[in-house]
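The values are calculated or read from the model by the stated rules, or taken from the named source; none is laboratory data. This structure is a prediction, so every number in the text was calculated from the model and none was measured. Neighbour counts run over all protein chains shown; Cβ positions are idealised from the backbone, glycine included. Surface accessibility is based on the protein's heavy atoms, side chains included, excluding ligands, DNA and RNA. Shrake-Rupley method; radii C 1.70, N 1.55, O 1.52, S 1.80 Å.
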Amino acid sequence: SQQGEEDPQALSIQEGENATMNCSYKTSINNLQWYRQNSGRGLVHLILIRSNEREKHSGRLRVTLDTSKKSSSLLITASRAADTASYFCATDRGDNYGQNFVFGPGTRLSVLP
Amino acid sequence: DTEVTQTPKHLVMGMTNKKSLKCEQHMGHRAMYWYKQKAKKPPELMFVYSYEKLSINESVPSRFSPECPNSSLLNLHLHALQPEDSALYLCASSQEEDLVAKNIQYFGAGTRLSVL
């Protein structure tokens, strides 16, 4: 079964609003990441949060991690039309190998001008 | 240079054809990956190469054959594919130095494959 699960599956907001996406996972992890994918393109790494971190910021992105609930959230503040994309969380398998990680089903974000 | 280059961008092939997908990176990364992504689904890991050796094969059918000729190049040889193999094939690379660096993957734009 999938390690990461996102919700909502699709989100539509107006430019300037904040967008929040959530990710849940099932087993212990070392790290959790968020990636963005523009339509039909490759994925772009956004941010990585380690299992011993609770919150991390990068520009307009804020990620939180709650290992007790096995969940993470990605907040995009002051959204722009260019933020329209699919967003995936990715979790490793909690081992020392580090390369074999699983993507959640993704949230399709539409930011309307 | 933080680019992973995949060729071709699009490929249409018949079920009896043999074709290859190519992936190249010049970031000095020693891990390279193939993923398969169906429409509106997340990428699914197929293969991982670490230091030019196959380290993970996620039970992929033998009609997909990966090859890593050197640390910069990764190929995926395709033979006797089925229509359900039509998908976006993504290549990625990462460092190998530590656990965090391994997790951060750099993706190519993908090859969109259609099997007729």
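B:Ala92: closer than 20 Å to A:Val44 by Cα and assigned to a loop (DSSP other than H, G, I, E, B), yes or no? Considered against the rule, which asks whether it is closer than 20 Å to A:Val44 by Cα and assigned to a loop (DSSP other than H, G, I, E, B), B:Ala92 comes out as no.
Within the set B:Glu52, B:Glu67, B:Glu84, the sole residue that is touching a His at 6+ places or on another chain (Cβ under 8 Å), of a type in the set (D, E, K, R) and more than 18 Å from A:Arg41 (Cβ to Cβ) turns out to be B:Glu67. Looking at the structure I just gave you, is B:Pro66 away from every other protein chain (no Cβ under 14 Å) and part of a strand (DSSP E or B)? Taking the combined requirement at face value, the residue satisfies it. Of B:Leu45, B:Leu74, all but one fail to be buried (at least 17 other Cβ atoms within 10 Å of the Cβ) and farther than 21 Å from A:Tyr87 by Cβ; the exception is B:Leu74.
Quick check on B:Ala39: is it surrounded by 14 or more Cβ atoms within 10 Å (Cβ to Cβ) and facing chain A (nearest Cβ under 10 Å)? So B:Ala39 does not fit the description; no.
A:Glu55 meets all of the listed conditions (1) at pLDDT below 95; (2) in contact with a Ser or Thr (Cβ under 6 Å, 6 or more places away or on another chain) but one, namely (1). Looking only at residues in the stretch A:24-52 that are within 21 Å of A:Ala78 (Cα to Cα) and in contact with a Ser or Thr (Cβ under 6 Å, 6 or more places away or on another chain), the one that is surrounded by the most Cβ atoms within 10 Å (Cβ to Cβ) is A:Gln37. You will find that of B:Tyr106, B:Tyr33, B:Tyr51, the residue that is open to solvent by 70 Å² or more (accessible area, probe 1.4 Å), at the interface with chain A (Cβ under 8 Å from one of its Cβ atoms) and either within 24 Å of A:Asn38 (Cα to Cα) or not β-branched (Val, Ile, Thr) (or both) is B:Tyr106 and no other. Taken over the stretch B:58-112, the criterion of being more than 30 Å from A:Ser51 (Cβ to Cβ), touching a Phe, Trp or Tyr at 6+ places or on another chain (Cβ under 6 Å) and among the aliphatic types (A, V, I, L, M) is satisfied by B:Leu76 alone. Give the residues of the stretch A:76-92 that are surrounded by 16 or more Cβ atoms within 10 Å (Cβ to Cβ) and free of Cβ contacts under 8 Å to residues at least 60 places away in the same chain, sorted by residue number. Once the filter is applied, which keeps residues that are surrounded by 16 or more Cβ atoms within 10 Å (Cβ to Cβ) and free of Cβ contacts under 8 Å to residues at least 60 places away in the same chain, the stretch A:76-92 yields A:Ile76, A:Thr84, A:Ala85, A:Ser86.
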